[in-house]
Amino acid sequence: MKIEKLIDFVYPPTCGICGKLNNDFLCKKCEKVLETEAIYGVDKVLEKYFNEHLYIFVYQGILRRIILKYKFQEEAYLYKTFVNFLLKNENFFEKIKKYDTIVPVPISKKRLKKRGYNQSELIAKEIAYNSDLKLETACLLKVKNIIEQSKLNKEERMKNIQGVYKLTNMEKLYKKEILLVDDIYTTGSTVNECAKVLREANPRKIGVFTLAKD
């Protein structure tokens, strides 16, 4: 059974914010709360290996609490809440749909076994399902276990992440416009290292989408 179907079986459709039953995983009341928090950022990027950064929220308050639950408290169903909210802003979603390929930031096999899911991959799959973007999960691999980036400062993060990712099946990414998906953007070290590796496939463009920016 695929992880998405297992999640839907284990977790009934409830609002990811208040916990009330809701088929959209986001009730109208909580949707309004998120709207007050949303900023829908689009940052042009210089001196990095990707071209722009798209994000919905600032990493603080209720969003920080919900994202931490999603990552560390086995509440995988929250990807539905995040993406369903994203879909409600058609203008912002159109910016995402300009890409043709979507690639989630991978996690190590050890982390995947412990957590049971890759939080970025669930988001990327749901975006792909609701658009024409082609999902590629077997091109970018994490080949080293490292210290969690959240435990390090900026300089340590840049050093810690070097040489962690590997590119395979690069022909699938040749001349593509790639959207790289992660959950949180702090220093950008992780997505920049991923983008650096993706550049080996000679894509036309690389953008980054995250739920929040710290």
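Points to keep in mind about this one:
- Residue that is surrounded by the most Cβ atoms within 10 Å (Cβ to Cβ) [pool: residues in segment 51-64 that are part of a loop (DSSP other than H, G, I, E, B) and over 15 Å from the mean Cα position of the chain (by Cα)]: N51
- Failed condition for H53, given (1) touching a helix residue (DSSP H, G or I) at 6+ places or on another chain (Cβ under 7 Å); (2) modelled with pLDDT of 95 or more: (1)
- I67 under 15 Å from the mean Cα position of the chain (by Cα), hydrophobic (A, V, I, L, M, F, W, C), surrounded by fewer than 21 Cβ atoms within 10 Å (Cβ to Cβ) and not in a helix (DSSP H, G or I): no
- The numbered conditions (1) over 13 Å from the mean Cα position of the chain (by Cα); (2) modelled with pLDDT of 95 or more; (3) surrounded by 15 or more Cβ atoms within 10 Å (Cβ to Cβ) are all true for I184 except (1).
- The listed residues are K28, K44, K48, and the only one of them that is out of contact with any Gly (no Cβ under 7 Å at 6 or more places or on another chain) and farther than 20 Å from E94 by Cα turns out to be K28.
- Those helices (runs of 4 or more DSSP H) lying entirely in segment 76-148 with at least 3 residues surrounded by 15 or more Cβ atoms within 10 Å (Cβ to Cβ): 78-87, 90-97, 119-129
- Any chance K176 is farther than 25 Å from I66 by Cβ and at pLDDT 95 or above: yes
- Within segment 173-188, residues that are under 17 Å from L135 (Cβ atoms) sit with their Cβ atoms under 6 Å from residues that are assigned to a strand (DSSP E or B) and of a type in the set (V, I, T), at 6+ positions apart or across chains, in these pairs: K176/T101; I178/T101; I178/V103; I178/I206; L179/I102; L180/V103; L180/V208; D182/T210.
- Taking segment 11-42 as the range and being part of a loop (DSSP other than H, G, I, E, B) and surrounded by fewer than 17 Cβ atoms within 10 Å (Cβ to Cβ) as the test, the residues that pass are Y11, P12, P13, C18, G19, K20, N23, D24, I39, Y40.
The values are calculated or read from the model by the stated rules, or taken from the named source; none is laboratory data. For clarity, every value in this text was computed on a predicted model and none was experimentally measured. Using ideal geometry, Cβ is built from the backbone for each residue, glycine included, and neighbour counts are taken over all protein chains shown.
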